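Each value in this text was obtained by applying a stated rule to the coordinates, not by laboratory testing. All values derive from a computational prediction rather than experimental measurement. All Cβ positions, glycine included, derive from the backbone under ideal geometry; neighbour counts span all protein chains shown.
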Amino acid sequence: MGKPSIFSSKYEQQMRRRRINIILIILILISAVFFAGKYYLNKNDINIKLFKRNEPVKQQIKEKTSNNKTDTVKNTPTQKTENTQKEQLFSYEYKSSKSLIKIEYTIKGNEKQFVKLTGSSTSYDISRDKKYIVFDDAALNDVILADINGNFKNITKQFYKSYSTGQIYEKDAVLKANPNYIWSLKPHFTNDNRIVYISQLPYFKRQGEFYLWSVNIDGSNHRKIGLIGNDFNSIAYDGYDSEGNLRIKSSNSLYYLKKGAYFISK
């Protein structure tokens, strides 16, 4: 479309027609773009809302995002539950001047439980809730109590005082003079917050007499229960009866320590 000459007598009429043609072309182009864009959006299932409808669109997106977050939260406990089913094995170490004792425990979820003990200890026992373990350090004749967090406490009776003479016998001095003397070995839990163990106390010159002693779980109140036998190796704990009383085997005899009692019976 050529530009009309300003010297033409029909210049104004031609310019007007030129402007109309330009406007028509622009409108045709806009219409083509609009209908092409609408066809594309409908084909791809895209919904665009303008002006006042923008607010519901934001709400819709927000709700969708919230729903996605909710799904993530729901999945988290499932993943956590699956992880808690895996049982892992760990251990504590107890070191003394003569012994190295390894105590194994498991963790399942947030639950810790003692499993077993390995080392130079003669014997050990795990509490019913598996939160405590008591064992002897055989090389030192010590009784050690450990909790599930790895805290150790020596609950050994450190001396014996004779009621008849008032004389005090120190544990270390007695063992130095007689290394084969049994001061405190074979500890075991009872059902009344006590721990029992085997000792030759209160005698130092008698051979082949072993006594059952008890101590509170906090290490206090050591008390002699009674003569349990003459053969140390034959003394063994045999679980509990139906009433929760501790059974103790010694040679061919079976003894019972009742809950709260300070004597044994057959």
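Using 0.36 nm per residue of separation minus the Cα-Cα distance, give me the extension gain between K112 and R18 in nm, one decimal.
Gain on stretching K112 to R18: 24.7 nm.
With the crude spin-label approximation of a point 7 Å out along Cα→Cβ, what separation in nm comes out for F34 versus I168?
10.8
Report the full-extension gain for the segment S265 to E209: residue separation times 0.36 nm, less the Cα-Cα distance, to one decimal in nm.
18.4 nm
Subtracting the Cα-Cα distance from 0.36 nm times the residue separation, let me have the gained length for D238 to K130 in nm, one decimal. Present the calculation step by step, with values, prior to reporting the outcome.
Values: separation 108, 0.36 × 108 = 38.88 nm, distance 1.81 nm.
Gain in length upon complete extension: 37.1 nm.
Tell me which trypsin sites (Lys or Arg not before Pro) from segment 100-160 have a DSSP coil assignment and no more than 13 other beta carbons within 10 Å of their own. Mind showing how you got there, number by number?
Details: sites: K102, K108, K112, K116, R128, K130, K131, K153, K157; in loops: R128, K130, K131, K157.
Of the trypsin sites (Lys or Arg not before Pro), the ones in loops of segment 100-160 whose Cβ has at most 13 other Cβ atoms within 10 Å are R128.
Which of the trypsin sites (Lys or Arg not before Pro) across segment 171-247 are loop residues per DSSP, with 16 or fewer other Cβ within 10 Å?
For trypsin sites (Lys or Arg not before Pro) across segment 171-247 that sit outside H, G, I, E and B with at most 16 neighbouring Cβ atoms in 10 Å, the list reads K205, R206.
Restricting to DSSP loop positions (anything but H, G, I, E, B) with no more than 11 other Cβ atoms inside 10 Å of their own Cβ, which chymotrypsin sites (Phe, Trp or Tyr not before Pro) remain in segment 116-216?
Taking segment 116-216 and a limit of 11 other Cβ atoms within 10 Å, the loop chymotrypsin sites (Phe, Trp or Tyr not before Pro) found are Y163, Y203.
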